[in-house]
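These notes are about the structure you will find just below.
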Amino acid sequence: MNIILDVKNLCKTYIVNKRQNNILKNVSFTVADGEMVAVMGPSGSGKSTLLYSVSGMDSITAGDVSFCGSNISKLNAKELAALRLNKMGFIFQQMYMLKNLTILDNIILPACQSDKINESRKETVQRGQKLMRKLGIIEIADNDINEVSGGQLQRACICRSMINRPEMIFADEPTGALNRTSSEEVMRELSKVNSEGTTIMLVTHDVKVAAKCTRVLYLVDGNIKGEYNLERCPSDSQLRERERLLSNWLMEMGW
Amino acid sequence: MYFRIIKKDLKRKKTMNVILLIFIMLAATFISSSANNMISVMTALDTYFEMAEVPDYWFLTTDSNSTKRFEEFVNENNYNFKSLDLMMIDSNEIKLDGSKFEYSGSICISGLKNSIKVFDSGDKEITSVKDGEIYITSALFNEEQYNFSENSRIQITIGDKTKEFTLKGSTKDAEFGSESIGTTRFIVSENDFKYFYDKDTVIMNSINVYTDDEEYLDKFYNLELNTLFNLDKSAIKRMYFMDMLIALVMLIVSVCLILISMVILRFTINFTMSEEFREIGVMKAIGISNRKIRGLYIVKYLAISLAGASIGLFFSIPFGKIMMKDVAKNIIIPNQNNVVLNIVCAAGTAAVVVLFCYFCTRKIKKISPIDAIRNGENGERYSEKSIISLKKLRFSPIIFMALNDIFSGLKRFIAMIVIFILGLLLIIIPENTINTLQSDSRVTLFNMAECNHVISQELLFISNTDYKKVMTDKLNNIKNVLDKNNIEAKVFQEATFRMTVSYKGKKESSLAFQGLGDVTTDMYAYLEGTAPQKNDEIAISKLVADRIGANIGDTVEVKNGDQIKEYIITATLQSMNNLGEGIRFYQDEELDYSYVNGCFGIQVKYSDFPDEDELNQRKALLEKVEPDNKIFTPGEYIGYMIGDISGQIGNIRNLILALVLCVNILVTVLMVKSFIVKEKGELAILKAIGFNDSSLIAWQTIRIGIILLISIVFCTLLSTPLSKLTIEPIFKMMGAVSIKFEIVPIKVYLFYPLIIFVVTVLAAWITSFQLRKISAFEVSNIE
C-alpha cells in the first residue's frame, strides 16, 4: 500500500515562561493509504499536538513530515493552506462551524473556495446535498447551526471535511462532545468513509472508537510507546471482542 | 484589587484603549477650542463694537443736500451723531511700491476726525496719523496677492493731486473692516486729507447716529434721504457673518467629533463587555455586586477620559489660537485664551464620556451569572442568522461571507456606518457651500442677470450727472468691438439707486436697480410672479415687501429723487444686496439718473455657448477693450464684492478632510482589530479548513469596503437636504430666501468618496494583516 503520511523524528517543543516543554520527542510512524489510525494516550501525552503537527496546522520543531510526497515542514503558509483545503479534511471535538451560515453553506464553503474540482456552483451544491443525504442529514441543509443536534452537527462537519475529496481526514476527538447514540452514529459514518477509501487519523480517549480503526498508536510523554494492529471491517459481533482485546493491550501500556 | 484588575485590563487591551484615548483627546481638543472660539467671537463683536464706538445707526451718502437735511433733523431731535467726510479713490490711480495696484473693490480715504475708533494689528487704538503716513484695513492688508507690508510705498492720485505715503500698518475698522461691506478705507492725517480736498471732489459722508429712540428709523425714512445704504448696529454685526461662519463650521466639526467619540465609546464598552462576559459572570457568581462590577468599568473609563481630556486640554490652547488667527485679523477678540472655559469644556467631555459609560453598563444588571459565563451563548441559541445563501449566489465565498456578515449582523457595523457618514458629510457640506458660493449663477442673488463675463466698474457714479448717457455709450462701444470680432453678445449693466418705497403708510428705504444696455427684466431671476413688463411695474425683494406688508398685485409708491410715482408689484425677488434690499424697475422706465448712487460691473452675455478656451480668448479681448478694469467670471466678481469666503471655507474643508481621514483610519484600525479578536475562533476554523491568509485578509477588507459603500450611498442621499438645513439659514440671514445648491457631482459623489474609500480600505487591509498571527492550531483553544 502507498504511504500517505510519513513522519520521521518529529519533535515539538513549546517554551513557556522561559521553560522548554518537549511535547513530542522523536516521533516516527507512517500511515498507509486507506488506513484508519487512532492515536490514544493519557491526557497531556501530546495526542492533539501530534495530530495538528502532522496535518500542518501547527509548526514542528524538528523532524520531517511527508504528506502525499510533500514535506510539509518546508511548505509556506499559503502552500499549507492549499494542502489543507484540497488534500486534507478536519473534524474537531467541538462542532466548529460559521455561526451565520446555514449547514449546507458551511459544508460547501471549502469547495467554493477550492479550484480542485472543476464544477459549477450548482454542481457543488448538489454534491454537498449528496454527501448530506449519505450521512442522513439532508433535512437540515437549510437550517442554521443552532437548530440542529450535536450529532447532526458533527455529521455535517464530516460532510465538510469530505467535500473536497481529501486524501486524508484528521479528526480530533470527533465523538468527545457527543452522547453515546450520536457517538455511534458518527463513528459508523467515519468507518463507512474509511471503507470507501479515505484515510483517517483520529485522536480519541474512547476504546469503542479506537476499536473501529485498523491501527492504534499509543502515545506517552511525547513518544509512541506501542502500536496495535486490528483487522479491517469487523462485524458487530466481533467488535465487542476487539474492544476487550484492545482494552487489555491498553492496560498493558499503562492506560 | 480593583486597581490591579484595571491595570491589567489597560495593559491587555492596549491598542483599543490607546485609540479610545486618542478619540477622547481629539474630542476634548475640538470642543474646548471651538466652544472657546465661538463664545469669544460672539462676545468679541459686542466688546469690539463698544470699544470702537460703533453707532446705533450708520448710513453713507454722496448727496450733500441729504447731509444738510439730516443735520437739521438731528439738531431738531437732539440726536448725538458724527459726520465723517470720505473721498472715493479710483484704484487705478493708486500705485503700490511704484507698480499699478490691481484692485477692483471700492476704496475711500479719510482722516480720523469724527471717525469711530480704529485699532492697529496689536489692538491698540490709533489716535493720530502723521503726515505722509497711511493705514489700510486689515482685510485688504492681509490679502496675500498684494504683498502689503509696513513701510510699503502707496501713491494716491485724486483729481490732479498726487501724494506718496508710507504704509504704517493695518487697521481693525468696525465699519469698513468687514469683507462684506465692499468698501475699504485708507486712513491718512487730517492735513493730507485736506490736501486732496477740493470743491469739485465728490465727498461721501459717513454718518453715525447714537440714539436709543425707537422711533428714529420711522423719522429717518420720512426724511427720504438719498443714501448709499443705511444699517443699524445688528446689521453691521451681521456683516461679520463670514468670520462667524468659520467658527460655526468648526463648532459643527466638534459636535460631530464628540458624536463619533460617543459611538466609538459605546462600541468599545459593548465590545469589552461581550469579551469579558465570562469574567463578569464569575464576578457575579461569586457574589460581587452589580454596582461594584459596574464601578470597575466606570473607573477604567474615568481614568481614560481624564487622561484624554487632559491631553486634549493641553492641545486645545494652541489649536484654538490657530483657528482664531484668521478671525482675529479683522476684529478685536478679547480674552482669546479663556483657559477656564477650556478646562470646563474638557471636563465636560470627560463627564459625558463617563456618563455614557454609566448608561452603557446598565446591561450588566440584566444578565445572569450563568448567561455571562456562557458568554451570552448557551449552546442553544445564536443571535446571528444567515440571510443570504451561498447556494443561490454566484459570488466567491469571500465576498459572500463579507456580505452575509453585514446583512446578518448589521447592528455591529452601525457604529462604523454612522462614523463614515458623519465624516463624509463634514466634507461634502462645506464643499457644497463652496461650490454654491463660487457658482456663476450666484450673481442672480445680487440682482444681476446671468452672464459670462463682468468688467469691473467702480467710479463712474461719482461725478457723472449724465450717468445714463456715459454708461450707454460705453456699453455700445464694447458691443461694437465684440460685433467687429463676430461675437454676438448682450452688454449691460446695473445702475443702483437709494429709494423709499411706501405702502399703506409703511415706508422702507431700499436699494433699487435698473438694467442699462441690452437687458430686459425677464433676464433676471424672480421668486414669484412675472417680470415687470411695463413702465409702472416693479419687482420687489421679499424682505422689503414683508417689511411694508405689500404683496404681488399691490400698488406701492416709490420716491426717486423728488418724484413720487405709483408702481404695481408684479414679482418678488431675493437679494443679498444690503442683506435683502432690492427693487427692480422695467428697463424703459424713465428714472432720474442724477440720483444714481452706484453701479455694478459691466456684464457680457454671449449668445452662443463658448467653451472654456473660447471664453479665455474673449476675456483677453475684453481686457484689451478695458485695460484699466479687471475681467471676472460672474462667480469671481461676487467673490470680489463680498470677500473670498469660499477660500477660507476651502482651507477649513481641507483641514476637515485631513481630520476625517485620520478619524476613519483610527476607527477602521480599532474596529478591524476588534473584529479579529472577536472572530479569532472563526478565523482559526477557516484557516484549518484551508482558507489562506490573503483570502481572510480580503474577507475583512471587503467587509469594510461594503460598509463604506453603504455609508457613501446614505451620505449621498443625506448630503443635499443636510446642506440645505445647515447652510440655508446663513444665506437667509444675508437675504437669500431660496438657495439652489450648486453640487459638483464629480467632486461630491466621486472624488471625496474615492479618497475616503481608498484610504479607509487601505487602513483595513493593513490592519487585517494582524490575522496572520492567528494559527489554524488555535481552533483547539476555542472556548
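The values are calculated or read from the model by the stated rules, or taken from the named source; none is laboratory data. This structure is a prediction, so every number in the text was calculated from the model and none was measured. Cβ sites come from the backbone with ideal geometry, for glycine too, and all protein chains shown count toward neighbours.
What to note about this one:
- Here is the figure for segment A:84-106: residues that are more than 8 Å from chain B (Cβ to nearest Cβ) and without any contact (Cβ under 8 Å) to a residue 60 or more places away in the chain total 2.
- Any hit, segment B:407-424, residues being on the phi > 0 side of the Ramachandran plot, surrounded by 19 or more Cβ atoms within 10 Å (Cβ to Cβ) and in contact (Cβ under 8 Å) with a residue 60 or more places away in the chain: no
- Residue within segment B:69-76 that is crowded, with 16+ Cβ neighbours inside 10 Å, in contact (Cβ under 8 Å) with a residue 60 or more places away in the chain and within 36 Å of the chain's Cα centre (by Cα) present: no
- Residue satisfying condition, being over 27 Å from B:Asp232 (Cα atoms) and in contact (Cβ under 8 Å) with a residue 24 or more places away in the chain, within set B:Arg153, B:Arg185: B:Arg153
- Between B:Ala372, B:Ala347, the distinction of being part of a helix (DSSP H, G or I), modelled with pLDDT of 85 or more and under 24 Å from B:Tyr297 (Cβ atoms) belongs to B:Ala347 only.
- Residues in segment A:158-176 that are within 10 Å of chain B (Cβ to nearest Cβ) and not charged (D, E, K, R): 5 in all.
- For segment B:478-515, a residue qualifies if it is basic (Lys, Arg) and farther than 17 Å from B:Gln603 by Cβ, and the qualifying residues are B:Lys484, B:Arg498, B:Lys504, B:Lys506, B:Lys507.
- Number of the exception - B:Asn654 against (1) more than 10 Å from every other protein chain (Cβ to nearest Cβ); (2) surrounded by 24 or more Cβ atoms within 10 Å (Cβ to Cβ): (2)
- Scanning segment B:96-104 turns up no residue that is of a type in the set (Lys, Arg) and touching a residue at least 60 places away in the same chain (Cβ under 8 Å).
- Residue match in segment B:546-558 (condition: assigned to a strand (DSSP E or B) and surrounded by 20 or more Cβ atoms within 10 Å (Cβ to Cβ)): yes
- Unique match (being of a type in the set (A, V, I, L, M, F, W, C), in contact (Cβ under 8 Å) with a residue 40 or more places away in the chain and buried (at least 18 other Cβ atoms within 10 Å of the Cβ)) among B:Val660, B:Val677: B:Val660
- B:Pro55 falls short on exactly one of the conditions (1) assigned to a helix (DSSP H, G or I); (2) surrounded by 22 or more Cβ atoms within 10 Å (Cβ to Cβ), and that condition is (1).
- Looking only at residues in segment A:114-144 that are basic (Lys, Arg) and out of contact with any Cys (no Cβ under 9 Å at 6 or more places or on another chain), the one that is farthest from the other protein chains (Cβ to nearest Cβ) is A:Arg133.
For (1) modelled with pLDDT of 90 or more; (2) within 13 Å of the chain's Cα centre (by Cα), each residue gets a yes or a no:
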{"position": "A:Leu50", "(1), (2)": "yes, yes"}
{"position": "A:Met57", "(1), (2)": "no, yes"}
{"position": "A:Ile60", "(1), (2)": "no, no"}
{"position": "A:Asp64", "(1), (2)": "yes, no"}
{"position": "A:Phe67", "(1), (2)": "yes, no"}
{"position": "A:Asn71", "(1), (2)": "yes, no"}
{"position": "A:Lys74", "(1), (2)": "no, no"}
{"position": "A:Asn86", "(1), (2)": "yes, no"}
{"position": "A:Gly89", "(1), (2)": "yes, yes"}
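- Filtering A:Ser70, A:Ser28 for residues that are surrounded by fewer than 16 Cβ atoms within 10 Å (Cβ to Cβ) and within 23 Å of B:Gly690 (Cα to Cα) leaves a single hit, A:Ser70.
- Condition met for B:Ile399 (modelled with pLDDT of 85 or more, more than 9 Å from chain A (Cβ to nearest Cβ) and farther than 25 Å from B:Tyr752 by Cβ): yes
- Only residues that are closer than 25 Å to B:Ile419 by Cα, assigned to a helix (DSSP H, G or I) and at the interface with chain A (Cβ under 10 Å from one of its Cβ atoms) were counted across segment B:679-713, and they come to 1.
- The residues on offer are B:Ile540, B:Ile548, B:Ile552, and the sole one that is modelled with pLDDT of 90 or more, in contact with a Lys or Arg (Cβ under 9 Å, 6 or more places away or on another chain) and over 20 Å from B:Phe600 (Cβ atoms) is B:Ile548.
- Number of the condition not met by A:Ala77 [criteria: (1) surrounded by fewer than 17 Cβ atoms within 10 Å (Cβ to Cβ); (2) hydrophobic (A, V, I, L, M, F, W, C); (3) more than 7 Å from chain B (Cβ to nearest Cβ)]: (3)
- Residues of segment A:38-67 classified as away from chain B (no Cβ under 14 Å), surrounded by fewer than 23 Cβ atoms within 10 Å (Cβ to Cβ) and closer than 19 Å to A:Met253 by Cβ, total: 2
- Count of segment B:731-783 residues which are in a loop (DSSP other than H, G, I, E, B) and within 14 Å of another protein chain (Cβ to nearest Cβ): 4
- Strands (runs of 3 or more DSSP E) lying entirely in segment B:562-613 (those with 2 or more residues that are without any contact (Cβ under 8 Å) to a residue 40 or more places away in the chain): B:563-573
- Residue check, B:Gly122 part of a strand (DSSP E or B) and small (Gly, Ala, Ser): no
- Residues located in segment A:203-238, provided they are among the charged types (D, E, K, R) and in a strand (DSSP E or B): A:Arg215, A:Lys225, A:Glu227
Conditions tested, residue by residue: (1) closer than 22 Å to B:Thr183 by Cα; (2) surrounded by 19 or more Cβ atoms within 10 Å (Cβ to Cβ); (3) modelled with pLDDT under 85; (4) among the charged types (D, E, K, R).
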{"residue": "B:Leu86", "(1), (2), (3), (4)": "yes, yes, no, no"}
{"residue": "B:Tyr103", "(1), (2), (3), (4)": "yes, yes, yes, no"}
{"residue": "B:Ser106", "(1), (2), (3), (4)": "yes, yes, yes, no"}
{"residue": "B:Ile134", "(1), (2), (3), (4)": "yes, yes, no, no"}
{"residue": "B:Thr137", "(1), (2), (3), (4)": "yes, yes, no, no"}
{"residue": "B:Glu143", "(1), (2), (3), (4)": "yes, no, yes, yes"}
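- Exactly one residue out of A:Lys99, A:Lys116, A:Lys130 is in contact with a helix residue (DSSP H, G or I) (Cβ under 8 Å, 6 or more places away or on another chain) and either buried (at least 22 other Cβ atoms within 10 Å of the Cβ) or within 28 Å of A:Glu184 (Cβ to Cβ) (or both): that is A:Lys99.
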